[in-house]
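All remarks here apply to the structure that follows.
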Amino acid sequence: MKFNPEILKIKDERMQPFIDADEIWDIINNTVSERSRVKEVIAKSLDKKRLTLEETAVLVNTTDPDLIEEIKAGARELKEKVYGNRIVLFAPLYIGNFCSNNCLYCGFRTSNSEAERKTLNHHEIVHEVEALEDNGQKRLILVFGEHRTYTPEFMADTTRLVYSVKKANGEIRRANINAAPLDIEGFRTVAEAGIGTYQIFQETYHPEAYKWYHLSGKKADYNWRLTSLDRAQEAGLDDVGIGALFGLYDWRFEVLGLVRHTNHLEACYKVGPHTISFPRIKDAASLNIDDKYMVSDDDFKKLVAILRLAVPYTGLILTAREDHDVRKEVLQYGVSQIDGGTKIELGSYSDTHNEDQNLNKEQFKIADARSLSEVIDELIDDNYLPSFCTACYRLGRTGEHFMEFSVPGFIKRFCSPNAILTLAEYLEDYASEELAEKGWIAIEKNIRELDESVVVKVRERLDKIKNGQRDMYF
Ligand code: SAM
Ligand code: SF4
């Protein structure tokens with residue numbers, strides 16, 4: 001069957017649900033993955049065009065190992081050609097784990113009476129942010145449970161507090177949020193605090209499966225969550241992140257769900273999501289789900305490569321839920337952001353005496369507990385360019401991923417110079433001597449790849465950084 005987007009049974013309308021589960025299954029079940037078609041689809045993506053649902057289904061239905069290798073090679077090529085070698089770094093900061101929902105997969109669920117509940121107070125937030133700044137972090141994602149005390153005003157005040165903390169040369173230049181869906185007014189309130197991206201994961205796009213896992217609380221309302229980022233757009237918050245929690249339902253369905261969500265936002269608001277996240281379920285206190293839909297490492301690697309090809313100009317986020325080896329491999333397939341030095345127990349960045357993971361204090365178990373400097377060290381060894389850049393969003397260049405992708409030379413003139421400058425700041429302020437030496441060699445190597453028109457300016461700014469000036473960007 002050739003699937004024609006014109007015949008989608010559900011038309012895209014603002015703030016209206018847009019998932020038809022039968023239709024997505026029809027597309028998956030009726031799309032044949034022939035060799036020539038797989039190659040055509042990969043070629044279309046390399047031509048910088050977003051894939052349709054039918055084309056994405058061609059890729060998810062591919063089982064031939066040689067063709068899967070071609071999909072991965074296509075994703076690698078797209079990443080190298082289009083995005084270059086930058087990897088943006090961030091860290092999550094858990095603000096509070098009170099929660100009135102009962103998501104079966106989450107340690108914060110209301111029925112987990114063993115969970116140690118806490119909301120960081122003003123001083124604790126300051127200490128956490130100072131500790132993060134002392135590590136060299138510049139970009140955070142603030143994480144909240146869903147609870148009546150975590151109002152939009154509370155989130156906005158928390159964001160302002162985070163931005164106000166400045167220790168030595170440290171500062172947080174971008175605070176994103178991962179929290180519950182809000183109404184339009186609520187999104188307006190958090191937008192006014194200058195947040196970066198607002199992330200909400202649908203968890204599973206399958207409405208029936210969604211019911212299995214969300215038994216009570218506000219989150220039980222599938223459509224309220226599905227349309228949440230429409231409301232963000234209506235509020236003028238156009239920087240949004242979507243995601244699915246892989247392991248709740250068939251991964252192929254979720255990949256098409258993510259693509260459908262992307263084309264819904266594009267159809268209604270002319271801007272797709274800024275980022276897509278694809279967490280896999282990890283062990284959590286009182287985890288209570290069947291392992292029927294758990295995603296193997298091989299399928300996970302394949303699905304990341306498919307997402308890269310399906311939505312070529314959307315950022316892909318890979319978190320420390322995955323272990324070191326999986327992260328190292330999957331980075332090649334087009335991931336643009338990772339976290340480093342991650343701790344998810346409340347208050348744990350400033351608590352240097354407690355290095356153990358305690359499931360009663362955490363939402364789930366992370367698998368890559370390396371420090372930020374270890375992550376940066378390895379990125380440099382693997383020829384990536386670690387970046388803390390926040391320039392586009394601060395200069396009002398919204399939709400920056402789209403620009404990277406569509407404006408010729410954008411990466412060489414803006415992204416790579418900014419990555420180099422932010423890495424230089426990190427090396428000057430936070431790196432060991434050994435890492436600094438390695439990092440400056442990497443900077444020299446990356447300068448050679450820049451657009452000639454910016455090399456002199458980059459060198460001037462690097463000199464200024466060495467003399468103590470900070471926060472310069474293109
Ligand atoms: N409470 C808000 C919500 O549910 O949207 C936001 C924060 S929640 C702490 C962030 C995300 O973590 C969830 O959307 C879910 O996808 C993910 N998550 C929850 N339990 C998990 C687990 N056991 N393993 C991996 N990821 C998990
Ligand atoms: Fe609460 Fe979010 Fe955990 Fe669900 S996933 S129990 S909403 S913190």
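Every read-out reported here was derived from the displayed coordinates using simple, explicitly stated rules and does not represent laboratory data. Note that the coordinates shown come from a computational prediction; the quantities given were computed from them, not determined experimentally. Here Cβ is always computed from backbone atoms with ideal geometry, including for glycine, and neighbour counts include all displayed protein chains.
Quick notes on this structure:
- Over 31 Å between alpha carbons, listed pairs 138/282; 211/365; 282/438; 9/211; 270/302: 282/438
- Residue pairs, from the table 167/343; 328/457; 11/301, whose Cα atoms sit over 25 Å apart: 328/457; 11/301
- The length gained by stretching the chain between residue 329 and residue 447 to full extension, at 0.36 nm per residue less their Cα-Cα distance, is 39.9 nm.
- Percent of alpha-carbon pairs separated by more than 16 Å within the stretch 20-80: 42
- Placing a pseudo-label 7 Å from each Cα along the Cα-to-Cβ vector at residue 123 and residue 26 gives an inter-label distance of 6.2 nm.
- Kyte-Doolittle mean at least -0.5, axial Cα span of 24 Å or more - DSSP H helices of the chain: 251-269
- Mean residue ellipticity at 222 nm, helices only, the chain: -13000 deg cm²/dmol; runs of at least 4 DSSP H residues each add -39,500 (n - 2.57), and the sum is divided by the number of residues.
- Qualifying aspartates and glutamates (Cα of each under 20 Å from Cα of residue 118; at least 8 residues distant if same chain): 128, 130, 146, 153, 157, 345, 351, 355, 356, 362
- Residue order, fewest to most beta carbons within 10 Å, for 415, 392: 392, 415
- In a reduced charge model with +1 at each Lys and Arg Cβ and -1 at each Asp and Glu Cβ, the chain shows a dipole moment near 1160 debye about its Cα centre.
- Distance from the Cα centroid of the stretch 421-468 to that of the stretch 178-221 is 39 Å (rounded to whole angstrom).
- Projected area averaged over orientations for the stretch 48-131, convex hull of C-alpha atoms, nm²: 10.4
- Remark: 158, 62 ranked as 62, 158, counting other beta-carbon atoms within 10 Å and listing the fewest first.
- Per residue, the convex hull spanned by the Cα atoms of the stretch 409-466 amounts to 61 cubic angstrom.
- Gyration tensor (alpha-carbon) shape descriptor, the chain, a/c threshold 1.5: oblate
- Each of 303, 318 was scored by other Cβ atoms within 10 Å of its Cβ. Listed from fewest to most, they are 318, 303.
- Antiparallel %, DSSP beta bridges [both residues in the chain], to 5: 5
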